[in-house]
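The values are calculated or read from the model by the stated rules, or taken from the named source; none is laboratory data. Only a predicted model underlies this, so the values are computations on that prediction, with no experimental measurement involved. For neighbour counting, all protein chains shown are included, and Cβ atoms are generated from backbone atoms with ideal geometry for every residue, glycine included. We work out accessible area using only protein heavy atoms, side chains counted, and drop any ligands, DNA or RNA first. Shrake-Rupley method; radii C 1.70, N 1.55, O 1.52, S 1.80 Å.
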Amino acid sequence: MTTLTLRNCNLLDGRKPAVPGSTVVLEDGVVVAAGPAGESADTATSGQVVDLHGRSVMPGLVAGHFHCGYVNVGPITVPLGLENPIPYQTLVAARNCALALGAGYTSAIGAGSPHSIDASITRAIADGLIRGPRLVPCSRELSTTGHSNDWAPWWWEVGAVGTPRVCDGEDAFRAAVRDETKRGAKMIKLYMTGGHGVLSPADRMEMTRAEAAAAVETAKARDVLVRAHVANKEAILLAVELGLDIVDHGDGLDDECIAALIETGTALVPSLRLPEAMLAHQTRSGRDTAGFGEDFELGCQRAAKASAAGVIMLLGDDYGSAILPHGTYGDELRLYAQRVGIAPLDLITWGTVNGASAIGRTDVGMIQAGQIADLLILDGDPSVDIEVLADPTHLVAVLQDGIVVAGVLPD
């Protein structure tokens, strides 16, 4: 039995305010006790004991919207997912997973992947070939002919399939879900609308209700989760009605949508970091940003309102875009704290408890007895100052299954 005791720490369990002077005891990669010193958590007498001298311990983060295979997406003129040879794309995915883990994201939820890369990367992590987050592997993005990312008509004559997978009609969606599941997907991605960073308008529905329902029904019959790119009110309400697990972006959100999300427990990834980066890029380029800026500010207001109302909010964005490279995850935390006004403790809950809840995991996302020991050790208290979590220089160590996978334990 391997025992590690972390004493004299500032404990953030993912839900409640920090408890200074706490102790966390790990045995064989599992939390067996966590709480104030002097209680059961402080009784370990064997194994390694580390005094953290007041450093914070919190659960590992969950990336709620993760494209492990994305690299420099945007300016390249070939279709999405075919920017590079498949072996190269896979190596990029491995690098991105390492970046995320090193930044404290011990779990990640796939949001769309070409060539079944997510499934292969998940297997490689499980087999110990590479290190990365506990990944929920996602399918290609399923939508209809001519949808937002199906914009290169000549390419499809070649027969290669990148990130988009074209499905027309209910039977085609059923077949695609079955095939993506067979290839290892545990999350199905639907492209229900345009908008939010793609060329087609937000008010355009990219599939019929019957097509979306067929996809969801087929996925649920195979115990597979479903998420969707959604950027208008009609689509948000449809996604909730059909029983999707995660709504991506949620542009068009209003009070009715918020109430529906809360009633069903559907998670929302507002993913506002990409619009912020796009707005900054347009400003630097000297372009007119009036309309785009207004949309971004409206998105910030909607996210703040949804969070305050009790919607299950998740961290995550389209990292891997040309203007949003992997490894810059801290900027998202700064955005939500500084521009949206989300309290640091709430952001920690977004990235821990909520992330686990969205994928039905009860063994990660918190620090309590029985949880897998995915932990972060930080200099400072991120529940008081989110910069402690956003700035990687404050990250002392990342533990996964109780093993240090980034940084080092303090002396």
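When Gly293 is tested against (1) under 25 Å from Ser200 (Cα atoms); (2) not in a helix (DSSP H, G or I), just one condition goes unmet, and that condition is (2). When segment 95-112 is limited to residues that are small (Gly, Ala, Ser) and surrounded by 21 or more Cβ atoms within 10 Å (Cβ to Cβ), the one that is nearest to Ser139 (Cα to Cα) turns out to be Gly112. Of all residues in segment 314-343, those satisfying the criterion of being within 14 Å of the chain's Cα centre (by Cα) and surrounded by 22 or more Cβ atoms within 10 Å (Cβ to Cβ) are Leu314, Leu315, Gly316, Asp317, Asp318, Tyr319, His326, Tyr329, Glu332, Leu333. Picking from residues in segment 90-135 that are under 24 Å from Leu190 (Cα atoms), of a type in the set (Val, Ile, Thr) and under 17 Å from the mean Cα position of the chain (by Cα), the one that is modelled with the lowest pLDDT is Ile117.
Just one of the listed residues (Asp401, Asp385, Asp391) is free of Cβ contacts under 8 Å to residues at least 60 places away in the same chain and among the acidic types (Asp, Glu), namely Asp385. When Arg302, Arg334, Arg339, Arg273 are screened for being basic (Lys, Arg), at pLDDT 95 or above and touching a strand residue (DSSP E or B) at 6+ places or on another chain (Cβ under 9 Å), only Arg273 passes. State which residue is farthest from the chain's Cα centre (by Cα) when the search covers only segment 381-411 and only residues that are of a type in the set (Val, Ile, Thr) and surrounded by fewer than 17 Cβ atoms within 10 Å (Cβ to Cβ). Only one residue tops the list, namely Val408.
Being under 16 Å from the mean Cα position of the chain (by Cα) and open to solvent by 60 Å² or more (accessible area, probe 1.4 Å) is a description that applies to Arg361. With respect to the conditions (1) in a loop (DSSP other than H, G, I, E, B); (2) over 15 Å from His229 (Cβ atoms); (3) open to solvent by less than 50 Å² (accessible area, probe 1.4 Å); (4) modelled with pLDDT under 90, His147 falls short on a single one, namely (2). Evaluation of Val364 against the conditions (1) in contact with a helix residue (DSSP H, G or I) (Cβ under 7 Å, 6 or more places away or on another chain); (2) assigned to a helix (DSSP H, G or I) shows that the sole unmet condition is (2). Restricting to segment 367-380, name every residue that is touching a helix residue (DSSP H, G or I) at 6+ places or on another chain (Cβ under 8 Å) and surrounded by fewer than 22 Cβ atoms within 10 Å (Cβ to Cβ). Listed by number, the residues that qualify are Asp379, Gly380.
Regarding segment 285-297, can at least one residue be identified that is within 20 Å of Phe66 (Cβ to Cβ) and either under 21 Å from the mean Cα position of the chain (by Cα) or surrounded by fewer than 20 Cβ atoms within 10 Å (Cβ to Cβ) (or both)?
no
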